[in-house]
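Derivation of every value follows stated rules applied to the coordinates shown; laboratory data play no part. What you see is a predicted model; the values in this text were computed from it and never measured. In this analysis, Cβ positions are derived from the backbone assuming ideal geometry, glycine residues included, and neighbour counts consider all displayed protein chains.
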Amino acid sequence: MVDKKISEFLIEKSLFLTAIFSIAIILVIIIFILEEGFPAVLKIGFFNFVFGLNWIPSENEFGLFPMIIGSIYVTILALVMAVPLSLLSSIFMTEIAPENLRKILKPAIETLSGIPSVVYGFFGLTILVSFMREVFGGTGFSLFTAALILAVMILPTIISVSQDALRSVPKEYKEASLGLGATNWQTIKNILVPAALPGIVTAILLGMGRAIGETLAVMMVAGNVAKIPNSIFEPVRTITSNIALEMGYATNVHYQALFASGIILFLIIILLLIIARYIQNKYKIDIGST
């Protein structure tokens with residue numbers, strides 16, 4: 001009995017220390033980025049940096065607004081394409097597909113999540129860019145091409161987490177709905193999906209984080225032009241791509257401005273998370289009223 005209490009105590013303290021260590025790492029990263037990037041914000045000016053339209057380091061112009069818009073556009077468009085397909089796929093695999101088909105689909109989706117981003121980038125560069133050039137004209141490097149690649153990349157994450165959320169719904173909910181005469185689709189739409197909504201929102205948030213933070217694949221197919229696109233078929237540059245492209249040769253204020261870009265990206269992610277949580281809480285469906 002004493003040994004069991006000691007074991008439980010050690011496990012509890014180990015988990016606590018692990019959590020504290022994780023938080024400490026995050027804080028160290030945030031402090032490092034702030035120390036490196038904040039001087040650039042002071043030199044350039046916050047509004048000039050965030051809302052400036054020209055990014056020309058050779059002329060000491062550091063306007064990040066085109067990259068901010070590019071990151072948001074690419075992420076939102078990728079989510080618009082990926083979320084409906086992911087949700088429908090997770091519902092199909094959880095509630096409709098026969099067991100034999102599930103055994104095929106699950107490993108296939110897991111394989112997608114294990115493919116390196118550079119492979120997605122090469123596929124987009126050699127196949128997708130050429131296709132977009134032939135069909136829509138232009139260079140083929142565009143906001144739409146980057147969003148399409150990102151949509152494929154975040155599909156496995158959203159599908160897997162959404163499946164877990166749907167499976168975690170108590171079976172009694174489904175049995176009660178079917179027992180009252182509801183069809184299988186009515187049960188899925190009115191009972192299972194609303195009950196799994198918090199987990200589905202979590203899946204979307206994880207996919208959003210993957211999309212807005214992706215660098216290499218987007219950099220290879222987006223065109224990397226630092227201007228606000230007028231259509232989804234024009235080139236675009238994201239914040240992460242901008243940092244990756246210029247960090248190797250940046251010095252002085254330019255170097256600090258790239259770290260300041262990381263601060264802005266961090267703030268954008270926090271803002272998107274707050275908006276997503278607000279939508280989740282505001283429009284959460286009460287199962288008892290459906």
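Some observations on this one:
- The chain: angle of helix 2-44 to the longest principal axis, Cα-based, in degrees nearest 10: 30
- A Gaussian network model of the chain, with springs between Cα atoms under 10 Å, assigns the largest mean-square fluctuation among I158, I243, I188 to I188.
- Karplus-derived 3J(HN,Hα) values for segment 82-94, using 6.51 cos²θ - 1.76 cosθ + 1.60 with θ = phi - 60°, are 8, 5, x, 5, 5, 5, 5, 5, 5, 5, 4, 5, 8 Hz; glycine and proline are entered as x.
- Annotation: the residues K227, K13, sorted from fewest to most other C-beta atoms within 10 Å of their own C-beta, follow the order K13, K227.
- By the count of other C-beta atoms within 10 Å, a proxy for reagent exposure, L88, L79, L180, L143 are ordered fewest to most as L180, L88, L79, L143.
- Zone residues, segment 145-169, relative to T111, backbone N less than 20 Å from point 7 Å out along Cα-to-Cβ: 149-161
- Amide H contacts of W55 (H built 1.01 Å from N, under 5 Å, at least 5 apart or other chain): G63
- For the chain: lysine pairs under 24 Å (alpha-carbon distance), excluding those fewer than 8 apart on one chain: 14
- Residue-by-residue Karplus 3J(HN,Hα) for segment 99-112, coefficients 6.51, -1.76, 1.60, Hz, glycine and proline x: 4, 4, 5, 4, 5, 8, 5, 4, x, 5, 5, 5, 5, 4
- Rounded to 0.05, the FRET efficiency of the L216 and K13 pair, given R0 = 41 Å and the Cβ-Cβ distance, is 0.55.
- Cα principal axis extents for segment 66-289, largest first, Å: 67, 36, 29
- The residues L245, L10, when put in order of fewest to most other Cβ atoms within 10 Å, stand as L10, L245.
- Largest mean-square fluctuation among L150, L42, L273, in a Gaussian network model of the chain whose springs join Cα atoms under 10 Å apart, belongs to L42.
- Alpha-carbon centroid distance for the pair segment 234-266 / segment 128-151, whole angstrom: 23
- The chain: angle of helix 143-167 to the longest principal axis, Cα-based, in degrees nearest 10: 30
- Compared with the dominant Cα axis of the chain, that is its longest principal axis, helix 252-282 is turned about 30°.
- Modelled FRET efficiency - R0 45 Å, I104 with E59, Cβ distances, 0.05 increments: 0.20
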